[in-house]
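Heads up, the thing below is written out as structure tokens.
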């Protein structure tokens, strides 16, 4: 679950897109939107749009570290320990 600790990183009137439950109150007109990843599993057009935005530099991707899939357990330990800024990417 994510909570109020994320709010200082969001601009006034911005949005938090959550794939997990949000716990807490919002502030500064910040909106929390829950997204179900399964709803987009076969939405190739939407995924292609995201790829185009990323390639154009309009969608900023913060990757903390890239690990081979065999080290998925290590990636989970890093996430569980906290303090990871960005995404951990597993390569297959």
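Would you confirm whether or not region 27-47 contains a residue that is on the phi > 0 side of the Ramachandran plot and touching a strand residue (DSSP E or B) at 6+ places or on another chain (Cβ under 7 Å)? No, region 27-47 has no match at all.
Here residue 8 meets each of (1) under 24 Å from residue 82 (Cα atoms); (2) at pLDDT 80 or above; (3) surrounded by 10 or more Cβ atoms within 10 Å (Cβ to Cβ) with one exception, condition (3). Checked against the criteria, residue 72 does not count as touching a strand residue (DSSP E or B) at 6+ places or on another chain (Cβ under 8 Å) and modelled with pLDDT under 85.
Residue 60 meets all of the listed conditions (1) on the phi < 0 side of the Ramachandran plot; (2) over 16 Å from the mean Cα position of the chain (by Cα); (3) free of Cβ contacts under 8 Å to residues at least 12 places away in the same chain; (4) exposed (fewer than 10 other Cβ atoms within 10 Å of the Cβ) but one, namely (2).
Only residues that are surrounded by 12 or more Cβ atoms within 10 Å (Cβ to Cβ) and touching a helix residue (DSSP H, G or I) at 6+ places or on another chain (Cβ under 8 Å) were counted across region 65-91, and they come to 5.
The values are calculated or read from the model by the stated rules, or taken from the named source; none is laboratory data. Just so it is clear, the structure is predicted and the values come from calculations on it, not from any experiment. Every residue, glycine among them, receives a Cβ derived from its backbone with ideal geometry; neighbour counts consider all protein chains shown.
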